[in-house]
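One structure, pasted below without further comment.
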There are 2 protein chains.
Amino acid sequence: MTGWLIIAGLGPGAEAMVTPEVSDVLEQATDVVGYIPYVARVAAREGLTLHPSDNRVELDRARAALEMAAAGKRVVVVSSGDPGVFAMASAVFEALEGRTDWQALEIRVLPGITAMLAAAAAAGAPLGHDFCCINLSDNLKPWSVIEDRLRHAARGDFAMAFYNPRSASRPEGFVKALEVLRQECGPDRLITFARAVSTPDQRLVTVSLGEATPEMADMRTVVIVGNSATRRVGRFVYSPRSVG
Amino acid sequence: MTGWLIIAGLGPGAEAMVTPEVSDVLEQATDVVGYIPYVARVAAREGLTLHPSDNRVELDRARAALEMAAAGKRVVVVSSGDPGVFAMASAVFEALEGRTDWQALEIRVLPGITAMLAAAAAAGAPLGHDFCCINLSDNLKPWSVIEDRLRHAARGDFAMAFYNPRSASRPEGFVKALEVLRQECGPDRLITFARAVSTPDQRLVTVSLGEATPEMADMRTVVIVGNSATRRVGRFVYSPRSVG
């Protein structure tokens, strides 16, 4: 048997947003690897071994998946959303460094509906113009880098989408992010909190930056900040296509 | 019959990347509206009227779709990729301005796999860290705004994805964009040209900014510029998860 490794995106939660090519490789897999809640989305069946693992062990998980593929298994590494956006794809490529044996394997990435696009769709079209996508977690970069990027994004008048806005262990980061955004964008800028989009727990709130409070976000929330032209129409929020 | 309007993303080209929820609404539709090549991707069937229209008539197309939904039709407005990323969703919301009758309709946006995520997946994971998404077309904004955003994106050390990099009628914009990028990022920064991803015409080239030429892009190309840490491993390009 020739092994392979496919890094696949399961989308934000709804089964109706899983692409057919991802469903197809899950049917062909002998092994599925990933963070516990994502592996839980894959149905058990004969001939399939599920390998759920905890958060923050991405590199170990990637190496274990590559070992199995090298041993002839058909391995799918699952991420929620898109595997290339703050998810498992980069970890797998990091694990390939210096391993020409693993680099010779069949390895593919299958995209998925990433959370910010599902959130934007649920809200209207707040990312309908140029935008930035920023991971607010300070696990893998210092706060100074996050702050610098927030200021550049605001000064370039980009809309912004934030992943991992607020961890339970370090909630102060998002407090600071909101302060920076109010300084740069003023109190009237629209901000959308989109929690657990496409699941039964979906909750969508749009307020102004002046009204926003840190508690409106948690780790299941994607936050979208509009650009200077982003506006409401009826129950929707959108960014116009034109500038100037 | 109660009409509705759904703005749906068909993904970058491959049928295997069309989400089940999008396939499902296309089966329920009485009318499909969109740019000619995107409507051509929808199979004809009894009870379905196809309304292909030319490029650059987005607002007229949106109004026509809303008229039909108001008259009781089940209308799907199709975009390639994701309808909320430089596509039809913003045009539909613009058309809702001042029309409280249309605002009362059932209107939904269904996300799709946008071109930059399919391109990133094909290349590896160049968008695996913070990134900006910029439409390089100057149809709807002046060059000065594009240049300013390129400089902010580069100075914030974002990876970047560019849509509509180079039009046949005004190819000089992309020449200038490459000059700005070389000034800001230096000649060694990696740049990926991903043409017609997921279709039989797919072509993927990664070079350094110093080697990049404007002819490497056309209107079917998504261009991805890495951040300062983006690197090659084997045949892949990726952005590491950590900074600093």
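Quick note: the coordinates plus some simple rules give every number you see, no bench work behind them. For clarity, every value in this text was computed on a predicted model and none was experimentally measured. Virtual Cβ from ideal backbone geometry, glycine too; neighbours counted across all protein chains shown.
Is the protein assembly as shown rounded, prolate or oblate when judged by the Cα gyration tensor, a ≥ b ≥ c being the square roots of its eigenvalues, rounded requiring a/c under 1.5 and prolate requiring a/b larger than b/c?
Because its axes are fairly even, with a/c under 1.5, the protein assembly as shown counts as rounded.
Mind checking B:19-32 for the average number of partner chain beta-carbons within 10 Å of each residue's beta-carbon?
Averaged over the peptide's residues, the number is 2.
Select from B:47, B:28, B:136 the residue farthest towards the positive end of the dipole of chain B; place +1 on Cβ of Lys and Arg, -1 on Cβ of Asp and Glu, and compute about the Cα centre.
Highest projection toward the positive end goes to B:136.
Continuing with this model, one more query. What are the nm distances, shortest first, from residue B:57 to its equivalents in the other copies, labels at 7 Å along Cα→Cβ?
In nanometres, ordered from closest: 5.8.
May I have the extent of the alpha carbons of segment A:47-101 along their three principal axes, as whole Å values ordered from largest to smallest?
31, 27, 18
Let me ask you something else. Need one word for segment A:116-238: rounded, prolate or oblate. Basis is the Cα gyration tensor (sqrt eigenvalues a ≥ b ≥ c); a/c below 1.5 gives rounded, then a/b vs b/c decides.
Oblate.
Say a paramagnetic label sat at a point 7 Å from the Cα of residue A:23, along Cα to Cβ; which residues of segment B:70-88 have their backbone N under 20 Å from it?
Correct set: B:81-82.
Give me the angle, in degrees from 0 to 90, between the Cα long axis of helix B:58-70 and the longest principal axis of the Cα atoms of chain B, rounded to the nearest 10.
On a 0 to 90 degree scale, this one is about 30.
Check the straight Cα-Cα distances from residue A:141 and name the aspartates and glutamates below 20 Å, setting aside those fewer than 8 residues away within the same chain.
Hits, sequence-local ones excluded: A:58, A:60, A:94, A:172, A:179, A:218, B:130, B:157.
Which shape class, rounded, prolate or oblate, goes with segment B:3-146 when its Cα gyration tensor gives a ≥ b ≥ c as root eigenvalues, a/c under 1.5 marks rounded, and past that a/b bigger than b/c marks prolate?
Values: a/c = 2.01, a/b = 1.33, b/c = 1.52.
The shape class here is oblate.
Just add up the charged neighbours of residue B:163: K/R +1, D/E -1, any other residue whose Cβ is under 14 Å from the Cβ of residue B:163.
Charge balance near residue B:163 sits at +2.
A further question on this structure: Using each residue's phi in segment B:208-225, evaluate 6.51 cos²θ - 1.76 cosθ + 1.60 at θ = phi - 60° and report the 3J(HN,Hα) Karplus result to the nearest Hz, with x for Gly and Pro.
Each residue's phi maps through the Karplus curve to give 8, 4, x, 8, 5, 10, x, 5, 5, 10, 9, 6, 9, 9, 9, 10, 10, 9 Hz.
Could you calculate, for segment B:10-51, the ratio of the Cα radius of gyration to the Kirkwood radius, expressed as Rg to Rh?
Rg/Rh: 0.93.
Here's something else I'd like to know. What is the order of A:193, B:158, fewest Cβ neighbours within 10 Å to most?
A:193, B:158
Ok, one more. In what sequence do B:130, B:148, B:201, A:82 fall when counting other Cβ within 10 Å, fewest first?
Ordered from fewest to most neighbouring Cβ atoms within 10 Å, B:130, B:148, B:201, A:82 come out as B:201, B:148, B:130, A:82.
Can you give me the Cα centroid spacing of segment B:130-159 and segment B:32-111 in angstrom?
Cα centroid to Cα centroid, the span is 28 Å.
I'd like the orientation of helix B:172-185 relative to chain B: the angle between its Cα long axis and the longest Cα principal axis, in ° from 0 to 90, rounded to 10.
Approximately 50 degrees, to the nearest ten.
Measuring from a point 7 Å past the Cα of residue A:60 along Cα-to-C-beta, which residues in segment A:20-39 have an amide N at less than 12 Å?
none
Then there is this: For label points placed 7 Å from Cα toward Cβ, what is the shortest-first list of nm distances from residue B:234 to its copies?
Those label-point separations list as 4.9 nm.
Quick one: Karplus J couplings for segment B:5-10, per residue in order, coefficients 6.51, -1.76, 1.60, θ = phi - 60°, nearest Hz, x for Gly and Pro?
10, 10, 9, 10, x, 8
In degrees from 0 to 90, rounded to the nearest 10, what is the angle of the helix B:143-155 Cα long axis to the longest principal axis of chain B?
That works out to roughly 60 degrees.
Another question about this same structure. Under 5 Å between amide H atoms, partner at least 5 residues away or on a different chain: which partners does residue B:77 have, H built in plane at 1.01 Å?
Amide H neighbours of residue B:77: B:6, B:7, B:8, B:33.
Further question: Put a point 7 Å out from Cα along the line to Cβ at residue B:171; what are the distances to that point in the other copies, in nm, shortest first?
Label-point distances to the other copies, shortest first: 5.7 nm.
Under 10 Å, Cα contacts only: if you run a Gaussian network model on chain B, which one of B:113, B:36, B:134 comes out with the highest mean-square fluctuation?
Greatest mean-square fluctuation among the candidates belongs to B:36.
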